[in-house]
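In what follows, a structure is listed as structure tokens, so that the remarks can point back to it.
The values are calculated or read from the model by the stated rules, or taken from the named source; none is laboratory data. From a predicted model like this one, the values you see are computed outputs, not experimental measurements. Cβ: placed from backbone, ideal geometry, glycine included. Neighbour counts: every protein chain shown.
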Amino acid sequence: MKDEVEISGFKDIYHFFMSAKARKRSFYVSFGDAVDQTLADYRLQEVVYKSSDQQAPSNNDVTLVLEPINEPDFVAMIEAQDRLRVEFFHEGRIHYFDVQVGDVSASSGGVGFSAKLPEQVRAKPNREMLQLPAASDEKINMSIGGQPVDVIDVSGGGASVLLPQANLYDVEVGKAIKHIELKVDGFQTKVNAEVRHMRSHIDGLKLLVGLRFIFFRNHEEDDLLHLVKQKIASVSRQL
């Protein structure tokens, strides 16, 4: 499956980035190679529109200014004219756009940069969705109605969990499970979830249940997706 063009055309691209700025969407930039890849968090600080003499506005009329959210634990090297791929999570998939760096600026959190409005925003297929193994990670915890449950894996959009077989008649595909509390490292949120699938676990004592999270706040899905990506990258570097 090929990557899909999700957004194109000046009007749609411009409106998307204006919305991303208002919602304080998190973006990330990868540094290093595939073996030792490190991520830095960025946020869109400005969307500067300066009209030219042309009758129709163009992507070159708009400048995006991105600045790091937190100071990274490594030296991020960005120079003018560099080509960068900027990624973010949206609706359960990794989206990205490519830009050429314009100005570079230093800030308290590291190196910021500007770039012209990209021509397209693309999305990777669903099969690229990352799942973080959670069974042996003490920093990943979930409870339902105050009762701890075993988490098999977690992604930005949902999780696979083990529920007692006694809950068989309380769980139904397509129905919601409420009062879920999820903790992943320092991230903590309360969500509801839709049951996407379920089957008996191999031990016969529990149910393996797939959940799709229903977030109360728009930014939480992006925040969790980004954290999952960071943890997987961190684990990969340790292997």
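Do the conditions hold for residue 113, that is, is it in a strand (DSSP E or B) and in contact with a helix residue (DSSP H, G or I) (Cβ under 8 Å, 6 or more places away or on another chain)? No, not satisfied.
For segment 173-188, which residues satisfy the criterion of being at negative phi and either in contact with a His (Cβ under 6 Å, 6 or more places away or on another chain) or not in a strand (DSSP E or B) (or both)? Don't jump to the end; show me each part of the working.
First pass over segment 173-188, keeping only residues at negative phi: 173, 175-178, 180-184, 186-188.
Across segment 173-188, the qualifying residues are 173, 175, 186.
For segment 24-43, check the following and say yes or no: at least one residue is aliphatic (A, V, I, L, M) and modelled with pLDDT of 90 or more. No: zero hits. For segment 178-226, how many residues meet the condition of being among the charged types (D, E, K, R), modelled with pLDDT under 80 and more than 28 Å from residue 86 (Cα to Cα)? The total comes to 1. Could you give every pair whose Cβ atoms fall below 7 Å, whose first residue belongs to segment 128-146 and is more than 28 Å from residue 87 (Cα to Cα) and modelled with pLDDT of 90 or more, and whose second residue is surrounded by fewer than 14 Cβ atoms within 10 Å (Cβ to Cβ) and not hydroxyl-bearing (Ser, Thr, Tyr), counting only separations of at least 6 or pairs across chains? What qualifies is 144/179.
The residues on offer are 111, 121, and the sole one that is buried (at least 18 other Cβ atoms within 10 Å of the Cβ), in contact with a strand residue (DSSP E or B) (Cβ under 9 Å, 6 or more places away or on another chain), within 30 Å of residue 60 (Cα to Cα) and modelled with pLDDT under 90 is 111. Please tell me if residue 234 is at pLDDT 85 or above and not β-branched (Val, Ile, Thr). It is false that residue 234 is at pLDDT 85 or above and not β-branched (Val, Ile, Thr).
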